[in-house]
1. Can you list the strands (runs of 3 or more DSSP E) lying wholly within segment 58-174 that have 2 or more residues being over 25 Å from residue 38 (Cβ atoms)?
2. So which residues in segment 66-88 are under 19 Å from residue 101 (Cα atoms) and modelled with pLDDT under 85?
3. Can you tell me how many residues in segment 42-62 are more than 18 Å from the chain's Cα centre (by Cα), closer than 14 Å to residue 100 by Cβ and modelled with pLDDT under 85?
4. How many residues does segment 33-90 hold that are surrounded by 14 or more Cβ atoms within 10 Å (Cβ to Cβ) and farther than 17 Å from residue 118 by Cα?
5. Answer with yes or no whether residue 146 is touching a helix residue (DSSP H, G or I) at 6+ places or on another chain (Cβ under 6 Å), surrounded by 17 or more Cβ atoms within 10 Å (Cβ to Cβ) and closer than 24 Å to residue 84 by Cβ.
6. Whether any residue in segment 103-120 is touching a helix residue (DSSP H, G or I) at 6+ places or on another chain (Cβ under 9 Å) and closer than 22 Å to residue 172 by Cβ is what I want to check.
């Protein structure tokens, strides 16, 4: 019986050493790649800003200005919970709070279904719409949701509408 206990302890110690080493390697890999991840996210955000406001020269908080110092609109970073992941996006608004565009920065939704929220065809439906009235067609609105991805579509649309309302309240707009 004593040999069995020693053998179990020996295997447990070996397993603990391997698990510890694997944990250290994973931690080191994370630490090495994190700066690159952050830098890539920032590049993606800047590319999204340029896509939504091509002539913008200055972004001050959410406000976007042209070269002449005129307010061009607002740029809101929005994160919503989709069906299976957080969806990070930028929403461009004109000065009347109508949607200029939508740029999805990151998402990990169901491939072929929820991932289509990042398609240009989905974003094109939103262009020119008053953000505070945004709704899916199923909910009495004008936006066609993605077939098979209603939860994701609704999360994006409801998230945009709610964040724009919150932003308008912070600006004193009813």
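The values are calculated or read from the model by the stated rules, or taken from the named source; none is laboratory data. This one's a predicted model, so the numbers in the text were calculated from it and none came from an experiment. No Cβ is skipped: glycine too gets one built from the backbone with ideal geometry, and neighbour counts run over all protein chains shown.
1. Details: elements: 58-60, 63-65, 71-81, 86-93, 99-106.
Ranges flagged: 71-81, 99-106.
2. Within segment 66-88, just 66 meets the criteria.
3. Counting residues in segment 42-62 that are more than 18 Å from the chain's Cα centre (by Cα), closer than 14 Å to residue 100 by Cβ and modelled with pLDDT under 85 gives 3.
4. 12
5. Working: touching a helix residue (DSSP H, G or I) at 6+ places or on another chain (Cβ under 6 Å): yes; surrounded by 17 or more Cβ atoms within 10 Å (Cβ to Cβ): yes; closer than 24 Å to residue 84 by Cβ: yes.
Spelling it out, residue 146 is indeed touching a helix residue (DSSP H, G or I) at 6+ places or on another chain (Cβ under 6 Å), surrounded by 17 or more Cβ atoms within 10 Å (Cβ to Cβ) and closer than 24 Å to residue 84 by Cβ.
6. First, pick out the residues of segment 103-120 that are touching a helix residue (DSSP H, G or I) at 6+ places or on another chain (Cβ under 9 Å): 103-110, 113-117.
In the following step, the residues that additionally are closer than 22 Å to residue 172 by Cβ were identified as none.
No.
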